[in-house]
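What follows is one structure encoded as structure tokens, with my remarks underneath.
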Amino acid sequence: MCVESDGCEIEGCSSSDEVQTLSGSMSPALKSTAELHPCKPGHKFRAALMRCRTPTAAAGILSFGNVLNYMDRCTVAGVLLDIQRHFDVSDSRIGLLQTVFICSFMVAAPIFGYLGDRFNRKVILSCGIFFWSIVTLSSSFISKEYYWLFVLSRGLVGIGESSYSSISPTIIGDLFTNNSRTMMLSIFYLAIPLGSGLGYILGSGAKEAAGDWHWALRVSPLLGITAGALILLFVPEPKRGSADQGGRVKARSSWCCDMKALAKNRSYVCSSLASAAVSFATGAFGMWIPLYLYRAQVVQKTAEVCSKDICSSKDSLIFGAITVVTGLLGVAIGLAATRLCRQRTERADPLVCAVSMLGSAIFICLIFVVAKKSIVGAYVCIFIGETLLFLNWAITADILMFVVIPTRRATAVAFQSFTSHLLGDAGSPYLIGLISDALQQSYATSVLWQFLSLGYALMLCPFVIVLGGMFFLATALFFLDDREKAEKQLSLMTRPPSTVTVSTETTFQWGDTALGGQETNNQL
């Protein structure tokens, strides 16, 4: 039998078992048999709940929530042409949807990072999911006269999703370490391409099934509420740094000190700038590539210009499926490549990211070369380019875990998110639309020029990706020094408070004090 914290008996356990209670583990030997009494139904439920709160289950639930985050984000892109026709707006104004979303996301990220380092993280996560789910569902009922309100709703969704992206990786970082942490973070960040691809598929599929694009925004909120409830019930709140130093990290610095330390961390700064390059490309691609491929088919006369209320979703479905598959391949290849390269060099993480970025730029350039002649060739280039681009998602997060101490990781993740979105996908969809509109002014009615102008605008992406690869190479130069500094600082933070070592190598202790190998009885 097992014993709960108030001495009640739990069925289904052997006498040698321990029970993990809300306050810790407790052995039956700690309670005398005379004190035992039958458990009430609430106690049994609570004990069963605690047994389900395993690190693996928590990582799975958090990954599921991340899938929903990105699925909701890309559902709008999956029905972008329908939204553009419904509200009758230009390329630049439709690109504003993603820009407003990302701007609110990045502004809220540092705030949630501060809260995540100081308060209960799973409560913040659940509240964020509930918030964006309700706002997304409400936005599906906005009429076409209120486009500004629809744009505002995307901004509010960005605030809700920011809480999740800023905090959830730090919980995984405190539940696992070393290769286990790399694997779990890989699964977690697999949600980015997987959720994005499912967003395109969900948006297109729901629109086709219901005959109305508004229904694309009414599925993910229901799943989001489910994920929020699962996080509240089954995800534990681990002590910060518990995986690194057994949960003995007690010291906590101020927010200003955290920001100064992060600004001096060269690996963190360079990897954040590299992440911004990735965000720039993925933000622009996610918004514009399905529409670009549709225009390419119109030029090739394999598709007609949409004049109906519901436009074809074939390109969104194909692009979504490619994103799902390339996400799976990219994360798996990244995980395997990093493990293999770590046997040869300790700088493996940033070097793998740099090589994948530079390789991705080549194939993304080829998309715009072959799209006019062959859609199949364009899809092949997208497949290879996205695979290489997605390869670095989880590795970048693992770099952060190596070079930043546990008590400021949520702040580091949040500020990295802020930087990558500020310099990346906050402006890239709108910028691409703006350039496309400017190029179309002379030949606005030309179908060919609409296709070419969008392609010329998207050519900006591979150049930014190359720049990101350079920043990952810079990260490799500083990675070992910054990792060593983080390990030394963590060691100092976890040293027992009863011992203070001074520069003369004299160790003073509370009680008997050792001085130069001789015992004294000086009391401090």
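Once the C-beta distance of SER446 and THR56 is scaled by a Förster radius of 60 Å, the resulting FRET efficiency is 0.60 to the nearest 0.05. Ligands, DNA and RNA are left out, and with a 1.4 angstrom probe the accessible area of the stretch 273-394 is 40 Å² per residue.
Figure legend: label point modelled 7 angstrom from the Cα of GLU208 along Cα→Cβ; residues of the stretch 181-199 with amide N under 15 Å from it are 198-199.
Each label point was placed 7 Å from the Cα along the Cα-to-Cβ direction; for CYS127 and THR345 their separation is 4.5 nm. Placing +1 on the Cβ of every Lys and Arg and -1 on the Cβ of every Asp and Glu, with nothing else charged, gives the stretch 306-457 a dipole about its Cα centre of roughly 320 debye. The distance linking the stretch 49-88 with the stretch 352-395 is 24 Å (Cα centroid to Cα centroid, whole angstrom).
The alpha carbon centroids of the stretch 261-279 and the stretch 163-231 are separated by 25 Å. Annotation note: trypsin sites (Lys or Arg not before Pro) in the stretch 310-378 located in DSSP loop regions with a Cβ neighbour count of at most 13 within 10 Å are ARG344, LYS373.
Surface composition of the stretch 148-215: carbon and sulfur make up 72 percent of the accessible area, probe 1.4 Å. When you filter the chymotrypsin sites (Phe, Trp or Tyr not before Pro) in the stretch 102-188 for DSSP loop state and at most 14 other Cβ atoms inside 10 Å of their Cβ, you are left with PHE119, PHE141, TYR146.
In terms of distances greater than 29 angstrom between alpha carbons, the cross-link table entries LYS260/LYS488; LYS239/LYS264; LYS144/LYS373; LYS122/LYS314 yield LYS144/LYS373; LYS122/LYS314.
The values are calculated or read from the model by the stated rules, or taken from the named source; none is laboratory data. Bear in mind that the values here come from a model prediction, so they are computed numbers and not experimental data. So basically every Cβ, Gly included, is an ideal-geometry build from the backbone, and we count neighbours across all protein chains shown. Ligands, DNA and RNA are excluded from the accessible area calculation, which covers all protein heavy atoms including side chains. Shrake-Rupley method; radii C 1.70, N 1.55, O 1.52, S 1.80 Å.
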